[in-house]
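Chemist: This structure is in structure tokens; I'll ask about it shortly.
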Amino acid sequence: MEEAVRDGVAEQRERLMESLRIYGGHYSELSRRFATWLGLHSTDATAVLEIAAAEERGAPLSPARLSARIPLSTGATTALLNRLEAAGHITRAREHSDRRIVTLRSGGHIQERADEFFGPLAHRLDAAMSHYPPRFLEQVEAFITDLNATMDGHLTEQDVVTPRSPGNSDDPTP
């Protein structure tokens, strides 16, 4: 009996993970379509969305924080920001008392375009979530936060591990 319950839990977890994979695929496809709609490379559009979203949350990004979020090297991030700034999609500002700190801001048209593109979906998602009580949504938020922390930890650990290849001289296999 207990085994059947455990099997049911394992199956439920698998269905949840599959649903999250599907959601991630949908998110990626929406990002790709938004990039096409703006006429930008997908990485550029992702950066613009990250900058606009952080700004909307009241926590604008620095180039280093953007680089970590999208993840790009500092050199690639600089090239990306140069392109976006030249096109008028973002600005770099020195708003802090420490003038070395650069704050990224989206161009006004970006938020308008993002609202135009994502607005209908945001309304649909809000309507879908409105059927659930706030306590349940808090639990889902905690669940997703735990999953993200787990994945962040795993990715950080993988950054430290160097993959072995057959041609690697440190590889003990012939």
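The values are calculated or read from the model by the stated rules, or taken from the named source; none is laboratory data. This one's a predicted model, so the numbers in the text were calculated from it and none came from an experiment. Don't worry about glycine lacking a Cβ; one is built from the backbone with ideal geometry, like all the others, and counts go over all protein chains shown. Only protein heavy atoms, including side chains, enter the accessible area calculation; ligands, DNA and RNA are left aside. Shrake-Rupley method; radii C 1.70, N 1.55, O 1.52, S 1.80 Å.
Chemist: Could you tell me which residue out of PHE136, THR43, GLY108 lies farthest along the dipole of the chain toward its positive end? Charges go on the beta carbon: Lys and Arg +1, Asp and Glu -1, centred on the Cα centre.
Modeler: Selected residue: GLY108.
Chemist: Probe radius 1.4 Å, ligands and nucleic acids left out: which of GLU56, GLU95 has the largest accessible area, and how do the rest follow?
Modeler: I get GLU56, GLU95, largest accessible area first.
Chemist: Under a point-charge model restricted to the Cβ atoms of Lys and Arg (+1) and Asp and Glu (-1), what is the dipole moment magnitude of the chain relative to its Cα centre, in debye to the nearest 20?
Modeler: 780
Chemist: Follow-up question, since we're still on this one. Rounded to a whole number, what is D in µm²/s for the chain from Stokes-Einstein with the Kirkwood radius over alpha-carbon pairs (37 °C, 0.692 mPa s)?
Modeler: 167
Chemist: Grab the Cα-Cα distance for HIS109 and LEU125, subtract it from 0.36 nm times how many residues apart they are, and report the gain in nm with one decimal.
Modeler: In short, 3.4 nm is gained.
Chemist: By how many nm would the segment from GLU95 to PHE136 grow when fully extended, if each residue of separation counts as 0.36 nm and the alpha-carbon distance is taken off?
Modeler: My answer for the length gained is 10.8 nm.
Chemist: Using heavy-atom solvent-accessible surface (probe 1.4 Å) with all chains present, what is the largest-first order of SER106, SER130?
Modeler: Final ranking, largest accessible area leading: SER130, SER106.
Chemist: Here's something else I'd like to know. Could you give the nm distance between label points at HIS154 and THR36, where each point is 7 Å from its Cα heading toward the beta carbon?
Modeler: 3.0
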